[in-house]
Ligand SMILES: Cc1ncc(COP(=O)(O)O)c(C=O)c1O
């Protein structure tokens, strides 16, 4: 793509940080000062690469609606958009002659699409785990009986229980749907082993790679290989291209059969008043005008990650994790969840609590007194988080009743700091230093909890967002100046 030949394109790890849009953006603190934001919420969404932004800027003069347009810009845009699909297939080493990449909005839409498209029968079983993000759990529940495999004492997926469930439901189990890596503990699943076990009983595997794709090289393996991954999905906004695209890779034959889940323009070849003849995948699965910019942006991000090398990124993030836990061990009063050593099979996610301090309060202090962006709560994986926290069934029922009555102030949760390929030991130091202050109750603000949301606000902190981003100005009624106004 043109932009990748211009400007400075990252090719080593040290090029990545300067390529992050907004890396030095100052944010306001409670004491009235400002400091560059420390972005430790990459598991939710990463910032954009500058290279991605430049690629979009270079592409925009050529942008046009894709497919069926005859103008040069439409032809060029179609080539770029089709090329983006191919880039995703190469990224996960999928055989393009038998596999298709479908662009969606995000991972959630990918999972829903496969669940909607499967054609489950009443007796069919999907095996998943209690570790899953709700996006890789709830869509299956709508269509099939879902079995949730539990965890070991350390928070790993219980592989023995998984194999037992596969044996118990052999014949009925159609799919095993697991994450590539957990958004709570960062633990990676042995996806190729799981694929082998699923295939042995005639089931297929779906891998939610939202937390894996930004951190590790992925290889679907050849179609006939017992360890082959049948379906895989991820989100561009978690891999430095936050422009509204998700990618779903799966067998072309799967998408060829049946009707698409969403219908309308683009998905059809021929329509009569009585009939519709479906187009071929991926068009059949991308109803309406697709997000061309988002696809191009994702391909640009993939190009950057591949130039630097996924193995180099994995090694860097591993080093950061080792460093983070080494430093966290020096703090009495911080509890970490999931394994804190033998970190090879863990991506850059650290979940913790400061003893005696509400998770939402810790997160608020980190933000308002440290300029550190983290996340707190149950992170759309409530069952896993509650199990790691040891919440009893009785407490869970009581807390759920409280939430239903409009009180979230006692919702259990954790604080999550998550690294990206550009994170540094300085980021870890800033986090651990602030946590140290929280442990010693050396924070300065007076924080008040909102009962309905559970969030904490500091007294006296009410930043004017329009000072930093003036979108509201664009919406204000325009004022015309000049001759036409006088006439
Ligand atoms: C493991 C996992 N799966 C799925 C999702 C959902 O991704 P999206 O919000 O992009 O649909 C997330 C988002 O945090 C995630 O961490």
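Please verify whether the range 375-393 includes one or more residues that are within 20 Å of residue 429 (Cα to Cα) and within 16 Å of the ligand (Cβ to nearest atom). Spell out the reasoning first.
Residues of the range 375-393 that are within 20 Å of residue 429 (Cα to Cα), as a first pass: 375-376.
So of that shortlist, the ones also within 16 Å of the ligand (Cβ to nearest atom) come out as 375-376.
Checked the range 375-393: at least one residue is within 20 Å of residue 429 (Cα to Cα) and within 16 Å of the ligand (Cβ to nearest atom).
With the requirement that a residue be within 16 Å of the ligand (Cβ to nearest atom) and on the phi < 0 side of the Ramachandran plot, what does the range 150-174 give you? Don't jump to the end; show me each part of the working.
Within the range 150-174, the first condition is being within 16 Å of the ligand (Cβ to nearest atom), and the residues that meet it are 151, 155-157.
Matches in the range 150-174: 151, 156, 157.
Among the residues of the range 181-206, write down those that are in a strand (DSSP E or B) and more than 10 Å from the ligand (Cβ to nearest atom).
Step one: list which residues in the range 181-206 are in a strand (DSSP E or B), which gives 181, 187-188, 204-206.
187, 188, 204, 205, 206 - these are the residues of the range 181-206 that are in a strand (DSSP E or B) and more than 10 Å from the ligand (Cβ to nearest atom).
Which of the following residues is farther than 30 Å from residue 281 by Cβ and over 23 Å from the mean Cα position of the chain (by Cα): 10, 18, 26, 47? Show your work before the answer.
Working: 10 fails: over 23 Å from the mean Cα position of the chain (by Cα); 18 fails: over 23 Å from the mean Cα position of the chain (by Cα); 47 fails: over 23 Å from the mean Cα position of the chain (by Cα).
Of 10, 18, 26, 47, the one residue that is farther than 30 Å from residue 281 by Cβ and over 23 Å from the mean Cα position of the chain (by Cα) is 26.
Mind checking whether some residue in the range 48-58 is assigned to a loop (DSSP other than H, G, I, E, B), within 16 Å of the ligand (Cβ to nearest atom) and crowded, with 18+ Cβ neighbours inside 10 Å?
So in the range 48-58, the residues assigned to a loop (DSSP other than H, G, I, E, B) come out as 48.
With within 16 Å of the ligand (Cβ to nearest atom) added as a condition, the list becomes 48.
Imposing the further condition that a residue be crowded, with 18+ Cβ neighbours inside 10 Å reduces the set to 48.
Within the range 48-58, one or more residues are assigned to a loop (DSSP other than H, G, I, E, B), within 16 Å of the ligand (Cβ to nearest atom) and crowded, with 18+ Cβ neighbours inside 10 Å.
What tally of residues in the range 65-97 results from selecting those that are part of a helix (DSSP H, G or I) and at pLDDT below 95? Break it down into steps so the answer makes sense when it comes.
Let us first name the residues in the range 65-97 that are part of a helix (DSSP H, G or I), namely 72-91.
Okay, now just the ones that are also at pLDDT below 95, so none.
Residues meeting the conditions: 0.
Okay, residues lined up against (1) part of a helix (DSSP H, G or I); (2) in the same structural domain as residue 139 (by TED's automatic domain parsing); (3) within 25 Å of the chain's Cα centre (by Cα):
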residue: 258; (1), (2), (3): no, yes, no
residue: 263; (1), (2), (3): no, yes, no
residue: 289; (1), (2), (3): no, yes, yes
residue: 295; (1), (2), (3): yes, yes, yes
residue: 300; (1), (2), (3): yes, yes, yes
residue: 315; (1), (2), (3): yes, no, yes
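The values are calculated or read from the model by the stated rules, or taken from the named source; none is laboratory data. This is a predicted model, so every value here is computed, not measured. Glycine gets a Cβ as well: all are built from the backbone with ideal geometry, and neighbour counts include every protein chain shown.
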